[in-house]
1. Residue by residue through the range 269-284, note down the ones that are under 17 Å from V250 (Cα atoms) and not hydrophobic (A, V, I, L, M, F, W, C).
2. Just need a number here: residues in the range 199-210 that are outside any helix (DSSP H, G or I) and surrounded by fewer than 23 Cβ atoms within 10 Å (Cβ to Cβ).
3. If you take the residues of the range 166-191 that are of a type outside the set (S, T, Y) and outside any helix (DSSP H, G or I), which of them is least open to solvent (accessible area, probe 1.4 Å)?
4. Which pairs have Cβ atoms under 8 Å, sit 6 or more apart or on different chains, and link a residue in the range 134-147 that is of a type in the set (D, E) to one that is assigned to a helix (DSSP H, G or I)?
5. Being assigned by the TED database to the domain that holds A364, of a type in the set (V, I, T) and in contact with a Leu (Cβ under 8 Å, 6 or more places away or on another chain) is the requirement here; does V14 meet it?
6. Can you say whether Q337 is of a type in the set (S, T, N, Q), over 16 Å from C252 (Cα atoms) and in contact (Cβ under 8 Å) with a residue 24 or more places away in the chain, as far as the supplied structure shows?
7. Do we find that A32 is of a type in the set (A, V, I, L, M), more than 20 Å from V394 (Cα to Cα) and in the same structural domain as L88 (by the TED database) in this structure?
8. Listed residues R282, R267; which is under 39 Å from the mean Cα position of the chain (by Cα) and surrounded by 15 or more Cβ atoms within 10 Å (Cβ to Cβ)?
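The values are calculated or read from the model by the stated rules, or taken from the named source; none is laboratory data. All of these numbers come straight from a predicted model, not from anything done at the bench. Neighbour counts are summed over all protein chains in view; Cβ atoms, including those assigned to glycine, are modelled from backbone coordinates with ideal geometry. Protein only, heavy atoms only, side chains kept; ligands, DNA and RNA dropped before computing areas. Shrake-Rupley method; radii C 1.70, N 1.55, O 1.52, S 1.80 Å.
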Amino acid sequence: MSELPLKGVRILAVEQYGAGPYGSMHLADLGAEVIKIEAPPGGDVSRSTGPYFLGEGDSQFFQTFNLNKHSLRLDLKSAQGREVFEKLVGTADAVLNNLRGDQPAKLGLDYATLSKVNPKIVCAHLSAYGRDNERAAWPGYDYLMQAEAGFMALTGEPGQPPVRFGLSMVDFMTGTTMAMGLLAALVGAMRTGEGRDVDVSLFDVALHQLSYPATWYLNEGHETTRLERSAHPSTVPCQVYRTADGWVMVMCMLEKFWQTFIAGIDRPQLGTDPRFADFPARREHREALTPLVDEALMQHDTAYWTERFAGKIPIAPVFDIAQALDNPYVERIGMLQSVDHPQGAQRMLRNPIKLDGQRVDGVACPPLSADADAILSELGYSADERAKLVEQGVV
């Protein structure tokens with residue numbers, strides 16, 4: 001792809017681990033020049049996050065969140081490092097960070113500080129709890145948000161201990177939200193000539209994801225609770241059912257899907273049973289319906305039912321990770337890519353955004369500070385000055 005939409009946009013990313021890098025990788029995938037500002041001596045902590053390493057100072061975990069980026073090790077707390085950073089800010093469109101909420105102001109990463117260097121700069125801040133409240137100095141991670149925002153109370157089977165998601169979805173949603181906020185502010189800065197601060201927090205995003213259960217509670221006092229079989233709180237049937245060899249998720253969100261479903265499982269009598277006559281009746285008699293559907297679906301395996309109903313009703317097999325990634329459909333739609341790496345090609349997932357019908361490609365993030373010489377040279381540092389900065393441990 002010759003022209004990516006964010007080509008020419010330079011973003012400085014003071015980031016590590018998951019949420020921030022996930023969001024900035026979207027921007028890098030879409031063509032922005034994202035320069036990772038990594039703290040000495042070892043850089044982003046995820047470079048040493050195992051169990052699968054790609055030589056010293058690199059890992060599969062790190063590459064998962066850092067494709068298409070550049071790397072500059074820089075000591076922001078030193079006078080020389082700050083000088084380099086401010087020169088970079090003068091050439092940049094945005095600075096993002098995913099530090100603890102009390103850190104951006106201390107490190108001078110906010111708009112109040114950086115606008116003196118570049119009035120157009122957009123400063124995006126991703127933290128656990130935000131920068132403007134009593135929790136600003138609190139450390140925080142995805143799992144904590146799942147706990148406090150109510151996710152764990154909604155996940156799993158009734159009567160069992162609280163359960164987190166299998167993946168760090170709050171991290172990923174917050175990173176994506178940060179990227180969206182940054183781009184919106186960037187559009188504004190291009191129009192007005194003035195940048196601004198953009199703040200998102202793990203807690204705020206997690207709370208916002210409560211969506212309609214939050215609206216139901218805030219207005220009606222209704223508390224959504226766990227239901228068996230990962231069931232939808234209002235629509236029936238919409239849950240997992242047993243098959244001869246596993247499980248399928250069936251989602252009859254429309255009445256026509258229900259009619260197609262009962263015909264397809266050869267249970268027309270369910271359509272005349274008053275307990276299942278409409279959505280309210282089926283919701284009231286959910287527990288009575290479940291074993292009847294199980295009985296029908298257990299006559300054949302999962303593949304049979306997903307093929308039988310493909311394109312006719314919303315249905316999907318319940319796969320483990322191996323089955324999900326080995327699914328031939330994933331290969332056919334181009335969601336897998338091979339990324340060149342000095343330790344050998346790495347199979348990875350592609351960005352889900354298509355541009356003009358095409359997937360964007362990933363390039364491995366280079367070794368720590370591999371781009372230092374080129375970046376410093378661009379900023380006007382001589383060869384001797386660059387060598388001295390390296391010797392001093394500034395870069």
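1. G271, D278, R282, R283
2. Here is the first cut: in the range 199-210, the residues outside any helix (DSSP H, G or I) are 199-201, 209-210.
From the residues that got through so far, the ones that are surrounded by fewer than 23 Cβ atoms within 10 Å (Cβ to Cβ) too are 199, 209-210.
Adding up the residues that qualify gives 3.
3. In the first step, residues of the range 166-191 are kept if they are of a type outside the set (S, T, Y); the result is 166-167, 169-173, 175, 178-191.
Narrowing the set further to residues that are outside any helix (DSSP H, G or I) leaves 166-167.
On the way: G166: 72, L167: 105 Å².
Here the residue is G166.
4. D142/A19; D142/M169; D142/V170; D142/D171; D142/L202
5. Working: assigned by the TED database to the domain that holds A364: yes; of a type in the set (V, I, T): yes; in contact with a Leu (Cβ under 8 Å, 6 or more places away or on another chain): yes.
When the stated conditions are applied, V14 passes them.
6. Values: of a type in the set (S, T, N, Q): yes; over 16 Å from C252 (Cα atoms): yes; in contact (Cβ under 8 Å) with a residue 24 or more places away in the chain: yes.
Here the answer is yes, as Q337 does meet what is asked.
7. On the way: of a type in the set (A, V, I, L, M): yes; more than 20 Å from V394 (Cα to Cα): yes; in the same structural domain as L88 (by the TED database): yes.
So A32 passes the test.
8. Details: R267 fails: under 39 Å from the mean Cα position of the chain (by Cα).
None of the other options fit; the residue is R282.
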